[in-house]
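Structure first, then comments.
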């Protein structure tokens, strides 16, 4: 009986582990969404501008179906392009979805400062 339990454990573990990996592949990674936000803002505001873009964190419980096409990014109506803003990310695949990701966009510029009066 002990050998049977051990055998069952040995044969079931790879199946459970592989099912878990397949389930992870079914979801859009949060890193890819955040990367798309950064790419979009830099493309829209100009690569020659010195920008700092920090996409907001996504809730770890958020599970979106993996998009088989490139993610679409857009400015929501009325969104500011600098400071604290939002960027829309959508997938137009078989199971379409759309989310809004908060982001902080800072423009860095050198300015002259008077040292003495």
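Give me the extension gain from residue 27 to residue 63: residue separation times 0.36 nm, minus the current Cα-Cα distance, reported in nm with one decimal.
Working: separation 36, 0.36 × 36 = 12.96 nm, distance 0.60 nm.
Result: 12.4 nm gained on full extension.
So for segment 29-117, what are the equivalent ellipsoid semi-axes in whole Å, largest first, each being the square root of 5 times an eigenvalue of the Cα gyration tensor?
32, 12, 11
Estimate the FRET efficiency between residue 44 and residue 115 by the formula 1/(1 + (r/R0)^6), using the beta-carbon distance for r and 25 Å for R0, to the nearest 0.05.
Efficiency at R0 = 25 Å is approximately 0.10.
Read-outs throughout are calculated quantities, based only on the coordinates presented, and are distinct from any laboratory measurement. Every value quoted in this text rests on a predicted model; they were computed, and no experiment measured them. Ideal geometry is used to build each Cβ from the backbone, glycine not excepted, and the neighbour counts take in all protein chains shown.
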